[in-house]
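This report concerns only the one structure given below.
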Amino acid sequence: MSEEKVIAEVIGVYPDKIKISVDAIHDFCIPGEKLKVGSYLEVSDDENHRLVAAIESFSIELKEIKDDAGNVDTKRVYIIEAMPLGIVENGKFERGGDTIAIPPTSVRPASFDAIKSIFENSVSDEEKFVFASLAQQENIKVPVDGNKFFNKHIAVVGSTGSGKSHSVARIVQNAISARATGFDGLNNSHIVVFDIHSEYQKAFPDANIITIDGLSLPYWLFNAEELEELFLESGDFNNYNQASVLRNVIVTNKKHHHPEVDKIFFDSPVFFDIDEVASCIKSLASECTMGDDPTKIYVDNQEKCFDSEQEKLCAYFTTDYKFTYKQRTSKKGAYADGTLTKFISRLESKISNDRLEFLFGDAAKNMTFEDVLKQLIGYREGNESNVSIIDLSGVPFEVLSITVSLISRLLHEYGYYYKKICNTVETPLLLVYEEIHKYAPKSDLARYKSSQKAIEAIAKEGRKYGVSLLIATQRPSEVSETIFSQCSNFIAMRLTNPDDQRYVKRLLPDTLGNLTDSLPSLRAGEGILIGEAVVLPSVVKIDKCDPEPSSADVPYLEEWKQAWRDVDFEELTKKWSK
């Protein structure tokens, strides 16, 4: 660009943009490079400061020009509007564009070296974490501050086919391969992926894969809300009585199995026997007492007395009494009026359901608290792993929410007690929630209550205890706003739904001007990277995964062109019905 002839000049300075007039657009461009929306410009002032701005829009104005003879000609003037991003002073870039002097003395496209220097010098080598490059200049890597990126919660949003799963996989792959020194073996990263579509196993062949067949989650680890969501039916007229009985019997059973523990509550994470609880509730639903004293029952035409209500319940845990009812000498128990009939049926159907064996089976029943944590975080002896993939595809929908809730809550409390006991955080966790709108939506329905509450608690408090979130969704407008509002780093990929576009624009924690208008036109693998961890809001190209998750589209036409294929329906239905 010739310095003798003014080709471009700033013709307007506003709080949130600058307006530039360009006479000859081809001379204005750097040779071999093209200007696009999102390209960077450098604006200098008399104090030799450089303002870096991103192009938001480009237009052409036609101006009439008269020569000395009075002839009128038309001239094209190119108008560029750009958003100020920050100032480069003494080779250091700082966010904020309000220190440029007026009028600026020159404007030109930012050179390759200038842009590269801004990104390379933005983060120290120790904190640098890289998984993407500039979409318009792919040989310029865009680093983020790894500590701020993983510590501040991350949101990855994008429609189907935008490359969302590949982006998540690339981030996790780079995290588990990072090394402070040249040591061999696993690094100290601990990542738990909630995989609802079985996509990530292929991307992490050495991961701790937990499918429904290998998952064991003891029912006795559920808290109060989760237990009630599991066994009680919302809207049932007798819910209050059922909840009262459930709480009383479970607390008594826990005390029965742990007499050495001083204080036990309904949601204390200690073992109780669900079969004994069911047996006791069945007895309460059919018992006969002698008068109004509940500690005196009438069994086999004989009176049997207990010293306390607790002693009676303990007897009901292991003994199946045959109650006798005589109109003059006995009285039906407080719950022998049918209020527990549906509840007992629901309780027994849950316990005996083969699809819920991962909750009520022998493996889950006899598993220790320590083994549960090792299973989830990848510490199982001989099978240590940086990544634990919890395959939720086989979890029945009716227990999906409380399954996610239990795992999330356990991992959150793991971080809390680790810090409380050790007074430090040495094993920080990243929880990756794929398609989070399916189990933590913006909904008041009771079946989502437990998972919403568990993940929202992590979003609000988890960072203090070394538990952070990476949430991924194709429908951000359907996700709990409490969760989204706590995210400080965003990768916004192509979004085609107008509601999702508006929602994401409103939540983004930075001023992007018209750059967010590119959300519906981003190419696969491209996204707007923005947040506290990156020096500049940038349109980036996410590096390719190796290996990739199995989220590719089904090649319909290719398959339809093949010869007719038979289906083994017998084997299909056999696995289906399990």
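Too long at a 31 Å Cα-Cα cut-off: which of LYS322/LYS342; LYS263/LYS438; LYS255/LYS374; LYS19/LYS92; LYS116/LYS442; LYS128/LYS442? Please report the intermediate quantities before stating the final value.
Working: LYS322/LYS342 21 Å; LYS263/LYS438 37 Å; LYS255/LYS374 26 Å; LYS19/LYS92 25 Å; LYS116/LYS442 41 Å; LYS128/LYS442 35 Å.
Cα-Cα > 31 Å for LYS263/LYS438; LYS116/LYS442; LYS128/LYS442; rest within.
How large is the dipole of the chain about the Cα centre if only Lys and Arg carry +1 and Asp and Glu carry -1, each at its Cβ, rounded to the nearest 20 debye? Let's see the in-between values first.
Details: 66 positive and 90 negative charges, 249 e Å.
Magnitude of the dipole: close to 1200 debye.
With a 1.4 Å probe and every protein chain left in place, work out the accessible area per residue of the stretch 51-158 in Å², rounded to a whole number.
On the way: 5520 Å² over 108 residues.
Result: 51 Å² of accessible area for each residue.
When only Cα pairs under 8 Å and 6 or more residues apart are kept, what is the percent relative contact order across the chain?
Numbers: 1043 pairs, mean separation 111.6, N = 578.
Relative contact order comes out at 19 percent.
Return the aspartates and glutamates within reach of LYS541: Cα separation strictly under 14 angstrom, same-chain partners fewer than 8 residues apart disregarded; answer none if there are no such residues.
GLU138, GLU526
Could you sort the peptides 179-187, 315-323 by per-residue average Cβ neighbour count (10 Å cutoff), highest mean leading? Walk me through the numbers on the way to the answer.
Details: 179-187: 7.9, 315-323: 14.7.
Put in order of decreasing packing, that is 315-323, 179-187.
List, in order, the whole-Hz ³J(HN,Hα) value for each residue of the stretch 75-84 obtained from phi through the Karplus relation with A = 6.51, B = -1.76, C = 1.60 and θ = phi - 60°; use x for Gly and Pro.
10, 8, 10, 8, 10, 10, 10, 10, 9, x
In square angstrom, rounded to the nearest 10, how much accessible surface does TYR298 have for a 1.4 Å probe?
20
Tell me what the chain gives for mean residue ellipticity at 222 nm when only DSSP H runs of n ≥ 4 count, each as -39,500 (n - 2.57), the sum divided by the residue total, rounded to 500 deg cm²/dmol.
Details: 18 runs with 173 residues, N = 578.
One gets -8500 deg cm²/dmol as the mean residue ellipticity at 222 nm.
Mind running the shape call on the stretch 203-265? Use the C-alpha gyration tensor, a ≥ b ≥ c as the square roots of the eigenvalues: rounded below 1.5 for a/c, prolate if a/b tops b/c, oblate otherwise. Don't skip to the end; give the middle numbers.
Values: a/c = 3.95, a/b = 1.53, b/c = 2.58.
Here the stretch 203-265 falls in the oblate category.
For GLU381, GLU370, give the ranking by accessible area with the largest first, probe 1.4 Å.
GLU381, GLU370
Rounded to the nearest percent, how much of the accessible area of the stretch 250-409 (1.4 Å probe, protein heavy atoms only) is carbon and sulfur? If you can, show how the numbers build up before the last one.
Numbers: 3650 of 7910 Å².
That share works out to 46 percent.
What are the aspartates and glutamates whose alpha-carbon lies under 12 Å from the alpha-carbon of LYS63, with same-chain residues fewer than 8 places away excluded?
ASP23, ASP73
Arranged from highest to lowest average of other beta-carbon atoms within 10 Å per residue, in what order do the peptides 56-68, 102-114 appear?
Values: 56-68: 10.5, 102-114: 15.8.
For the peptides 56-68, 102-114, the packing ranking is 102-114, 56-68.
On a straight-distance basis, which lysines could pair with LYS574 in a cross-link, Cα separation under 24 angstrom, same-chain partners fewer than 8 positions away excluded?
By straight Cα distance, LYS574 reaches LYS350.
Roughly how many percent of the accessible protein surface of the stretch 428-556 is carbon and sulfur, given a 1.4 Å probe and a whole-percent answer?
Details: 2330 of 5160 Å².
That fraction is 45 percent.
The values are calculated or read from the model by the stated rules, or taken from the named source; none is laboratory data. Since we're looking at a predicted model, the values are computed, not measured. Reconstructed Cβ throughout: ideal geometry from the backbone, glycine too, with neighbour counts over all protein chains shown. Ligands, DNA and RNA are stripped out before the accessible areas are found, and what is left, the full protein with its side chains, is counted by its heavy atoms. Shrake-Rupley method; radii C 1.70, N 1.55, O 1.52, S 1.80 Å.
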